[in-house]
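The values are calculated or read from the model by the stated rules, or taken from the named source; none is laboratory data. Bear in mind the structure is a predicted one, so any value in this text is a computation, not a measurement. Cβ atoms come from the backbone with ideal geometry, glycine included; neighbour counts cover every protein chain shown. The accessibility values were calculated without ligands, DNA or RNA, using every heavy atom of the protein model including side chains. Shrake-Rupley method; radii C 1.70, N 1.55, O 1.52, S 1.80 Å.
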Amino acid sequence: IRDEESGYNKNLFCIPKHYEEDLERVFIPHGLILDRTERLARDIMQDMGSHHIVALCVLKGGYKFFADLLDHIKALNQNGDKSVLITVDFVRIKSYC
């Protein structure tokens, strides 16, 4: 997102009440995030070919994105010509420094 990007008016979205006063604009709509997550899953499946995929989730903040990405990868894995082995694991990091 460029610095001069103004985003979307929050009135175009269903915003939970507890966020209404704190939120001024929406920069990335949820649908766009879902679309890009699906695209990332397709890219991963294409790049990995038939190699074993090891998916590692950094807890706690990444679990929702991780779950969505894995759902897309699993759907592609089930509906594709080939089935790729996927191993899932989780790691908790004490500090990002």
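Computed over protein heavy atoms with a 1.4 Å probe, the carbon and sulfur contribution to the accessible area of the chain reaches 53%.
Ligands, DNA and RNA excluded, the heavy atoms of VAL84 present near 10 Å² of accessible surface to a 1.4 Å solvent probe.
When the chain is treated as a Gaussian network with alpha carbon springs shorter than 10 Å, the biggest mean-square fluctuation among LEU76, LEU12, LEU40 belongs to LEU12.
Give the relative contact order (percent, whole number) for the chain; include only Cα pairs under 8 Å separated by 6+ residues. Could the numbers behind the result be given before it?
Numbers: 78 pairs, mean separation 27.8, N = 97.
Taking the mean separation of contacting Cα pairs over the length of the chain, I get 29 percent.
Think of a 1.4 Å ball rolled over the protein heavy atoms: region 30-92 then has 73 Å² of accessible area per residue.
Surface listing: CYS57, CYS14 arranged by accessible area from highest to lowest gives CYS14, CYS57, probe 1.4 Å.
Using every pair of separate Cα atoms, the Kirkwood estimate puts the hydrodynamic radius of the chain at 16.1 angstrom. Connecting C-alpha atoms closer than 10 Å in a GNM of the chain, tell me which of LEU23, LEU85, LEU32 has the biggest fluctuation. Among LEU23, LEU85, LEU32, the largest mean-square fluctuation in the Gaussian network model of the chain belongs to LEU23.
Looking at the chain, the GluC sites (Glu not before Pro) that sit in a DSSP loop and have at most 10 other Cβ atoms within 10 Å of their own Cβ are GLU4, GLU5, GLU21, GLU24. Given a 1.4 Å probe and the protein chains all in place, what does the accessible area of PHE90 round to, in Å² to the nearest 10? In the full protein context, PHE90 sits at about 110 Å². Region 26-61 and region 70-95 have Cα centres spaced 9 Å apart. The count of lysine pairs in the chain with alpha-carbon distances below 20 Å, taking only pairs 8 or more places apart or on different chains, stands at 4. Residues whose amide H comes within less than 5 Å of that of ILE15, counting only those at least five positions distant or on another chain, are absent (H built at 1.01 Å from N in the peptide plane). In sequence order, region 53-65 has phi-based couplings of 9, 10, 9, 10, 9, 8, 7, 9, x, x, 5, 5, 4 Hz under the Karplus curve 6.51 cos²θ - 1.76 cosθ + 1.60, θ = phi - 60°, and Gly or Pro positions carry x. Grab the other residues whose beta carbon is less than 14 angstrom from that of TYR8, score K and R as +1, D and E as -1, and report the net. So the environment of TYR8 carries a net charge of 0. For the chain, the longest piece that avoids every one of the trypsin sites (Lys or Arg not before Pro) found in DSSP loops with at most 13 other C-beta atoms within 10 Å covers 3-59.
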